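Student: Let me begin by handing over the structure; questions about it come next.
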Amino acid sequence: VQLQASGGGLVQAGDSLRLSCALSGLTFSSYTMAWFRQAPGKERGFVASVRWSGGSTRYADSVKDRSTISRDNAKRTVNLQMNSLKPEDTAVYYCAAGRPITSATMWLSAYNYWGQGTLVTVSS
């Protein structure tokens with residue numbers, strides 16, 4: 001199983017960024033896909049998720065008005081579009097795959113497979 005995240009980089013506050021994650025080795029359409037992030041000195045936290053059907057999404061309060069998660073089951077990819085980036089969005093972003101129940105969608109422990117992370121740095 002491999003999750004390959006890409007799209008991170010150095011941007012300025014107010015810019016937009018699109019992260020992508022490609023999954024191989026699993027039946028992509030059967031898994032909920034999510035993004036988590038970990039800022040320096042902080043615990044990894046939930047950012048956004050999209051269930052296998054693509055019809056149900058969830059966002060952390062800190063990003064929900066600025067971000068869109070989407071998935072393409074044919075291409076086996078999940079994307080996270082982030083707009084109006086802030087310095088506090090600086091973190092390593094990880095994509096994950098799992099089969100959580102609805103109430104556990106935001107839990108790290110609900111996801112079995114993780115990508116290597118991509119660094120997003122937002123300068124002020």
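The values are calculated or read from the model by the stated rules, or taken from the named source; none is laboratory data. Predicted, not measured: the structure shown is a model, and the values here were computed from it. Heads up, the Cβs are rebuilt from the backbone with ideal geometry, glycines too, and the neighbour counts pull from every protein chain shown. All accessible areas refer to the heavy atoms of the entire protein, side chains included, with ligands and DNA or RNA removed. Shrake-Rupley method; radii C 1.70, N 1.55, O 1.52, S 1.80 Å.
Student: Residues to consider are Ser16, Ser20; find the one that is over 14 Å from the mean Cα position of the chain (by Cα) and under 25 Å from Ser123 (Cα atoms).
Tutor: One residue alone meets the criteria, Ser16.
Student: Mind listing whichever residues of segment 70-117 are touching a Ser or Thr at 6+ places or on another chain (Cβ under 6 Å), open to solvent by 10 Å² or more (accessible area, probe 1.4 Å) and among the polar types (S, T, N, Q)?
Tutor: Asn73, Thr77, Asn79, Gln81, Asn83, Thr90
Student: If you check Ala60 against the conditions, is it within 18 Å of Ser6 (Cα to Cα) and of a type in the set (A, V, I, L, M, F, W, C)?
Tutor: Considered against the rule, which asks whether it is within 18 Å of Ser6 (Cα to Cα) and of a type in the set (A, V, I, L, M, F, W, C), Ala60 comes out as no.
Student: Follow-up. Report whether or not Asp61 is buried (at least 21 other Cβ atoms within 10 Å of the Cβ) and acidic (Asp, Glu).
Tutor: no
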